[in-house]
1. What 222 nm value per residue comes from the helices of the chain, counting each DSSP H run with n ≥ 4 as -39,500 (n - 2.57) and dividing by all residues, nearest 500 deg cm²/dmol?
2. Return a whole-number percent for the relative contact order of the range 344-489, with Cα pairs under 8 Å and 6 or more residues apart as the contact set.
3. Residues in the range 28-60, backbone N under 17 Å from the label point at Thr337 (7 Å along the Cα-to-beta-carbon vector): list them, ranges by number please.
4. What does the charge count around Thr205 come to, taking other residues whose C-beta lies under 12 Å from its C-beta (Lys +1, Arg +1, Asp -1, Glu -1)?
5. Give me Trp119, Trp503, Trp58 ranked fewest to most by other Cβ atoms within 10 Å of their Cβ, as a rough exposure proxy.
6. Given the peptides 328-336, 257-265, arrange them by the average over their residues of other C-beta atoms within 10 Å, most packed first.
7. Count charges around Phe143 for me, please; just the other residues with Cβ under 13 Å from its Cβ, Lys/Arg as +1, Asp/Glu as -1.
8. If R₀ is 35 angstrom, what is the calculated FRET efficiency for the pair Phe449 and Asp210, using the beta carbon separation as r and rounding to 0.05?
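What follows draws every value from the coordinates through simple rules; no lab data is involved. Values in this document were obtained by computation on a predicted structure and should not be read as measured data. Every residue, glycine among them, receives a Cβ derived from its backbone with ideal geometry; neighbour counts consider all protein chains shown.
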Amino acid sequence: MKDNSHDISLPRFTKLEAFNPHRAEFACKHETDVTPPISVEAEAVFQQAMRLDNHDLWPAQRDYSKIAALYEHAMKLGHWKAQFNLAGLYLKGIGVPPDTERALALTEDLMRKGVPAAWDNMGAYYMGGIGPLEQDATVAYAFWQKAADMGSMAAQTYIGAKLLAASDQPPEAWANRNVGMKMLECAFAQGYARAGYELGLEYATLGQDDKTKKASALQYFQQAVKLGSENAANFLGVDFGAKSLDTASVVAELDNSRSERYMVLGDALSRNPDLRFPNLDKILPLPPAKLPLWNGDKETLINAAKAVVPKPVTPPKPVPLSAGPRTGKAYIPEGWTLPSEPQTRVAAQYESTAASLDGYWIARLMHPMTDRHLAWNAAQVPLHYEKGELFDRSRPGLRDEDGRIQFHYLGQPVEQTVPVAATEHPFVIRGIGRYGDMPTLSRQCKSHFTCPLTGIWRAEVPQSHPSSSVFNQWYRQAYVTQGRHFPDPKEQHLDIGAHEVTWHWLGNANDMRGDLEYVSLGAPEAGADTHGDTTSSSSHNKGRDA
């Protein structure tokens, strides 16, 4: 194995500014604005790996060798999260032989690509003294500070929480609440559950004699549960069920029904930390809203709070690459296909030259002008050429005077993956989403208007919006009752005006039986337009999701 312990050019030895817990300012940046884009093809492979890493299985029952192979495949297709996870497997020796140098090298490659989470992980490596790195908290904090400034939500949360102390208590805590809160709010805006929990704790501490701050704490804990915080769910479960309310409590009165539901969600999150409950208000709206009735089935409660995705449709049969048999130079092994984009971009080459790379190339007329030209182009199939091999100049079916031909590089074959959407939705397979019967009538509403229909709503901003990458996520759903206001992005510390957000109605309102509301998973009733407000009575860091 190559000894890299003295190669100062490696990212692990980057000279960084010393950690400054008393810095005056912090500029919020988001990970999604700087991480490499992920192709549909790479995401499909990544989701296959995530399906195998099923939390319903004991770790010993999971095929980590296959998971590692899929991560490597997705990594080669440019999936940074797959590479991040693969580094973790090498570090622990799960599914692959333990190899700390390989883990470091994969992490450093991501650092070069500008992935903030990789800089955060390098800090963890130094704190733990991983492999050839000497344990050094000073260096670790310097890397975490760099990662936080780049946009790492994990680093922003870790350092932000450390800066909320009333006085300096090095090396564990420092007094710089202004910057600490900015870091936590930045991570919270990115959908990081731990940040919401830390903000809830901070406001709970400050709110011992301030009802407004207590209300803010309750809101942060609620949002943290939606984002998947087991700690927040358990906090509220205990708080609503406490036998006596003290100054540390954020609830106004005891409510054992609410306590029970939060504890069910906390238990679910302990078993599957990938869960999120964006539609928590469907089953657990905060007071003074009353709880809908629940039949006691835990799975119904858990599923009702999950994100809703449309049921899959039967996919059309795939169109073959060519009508003829794929033999000779056109042969592609069964189970393999050409990528949507070549692994390496190569300029088109004239037919009189030789292939500059191994792989598949396809002939195209440079200036097709007639129907016959277009038909000739359409009839061409990818052909395999070795590097340095002359291109085929036979021009079958084409006269020499029909124009010049160029060969375009299509890349090397990749293992064919069945698009997850063609069978089952990956979030449903992994248990973090559920199918819902979508309404046949499409309805949408701008965020600054009140909600016209009770049900689950999906939010989005235009792709041209500067915050679209962080806001337009699969979990941006909310259960909103008729006449109420939609969630305000400003309350999530996002620089997005309410008038810029469009909400799309997905139906799935709770069942109304007379004046009583029941937690349900069914399709919206024919009288969905009559659903009103909820008024019935009631007795360190892994790259997971895209």
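1. Helices in the chain give a 222 nm mean residue ellipticity of -10500 deg cm²/dmol.
2. Dividing the mean separation by the residue count of the range 344-489 yields 22 percent.
3. 39-49
4. Net of charged neighbours comes to -1.
5. Final ranking by Cβ density, sparse to dense: Trp58, Trp503, Trp119.
6. Result, highest mean Cβ count within 10 Å first: 257-265, 328-336.
7. Overall, the nearby charge balance is -2.
8. 0.60
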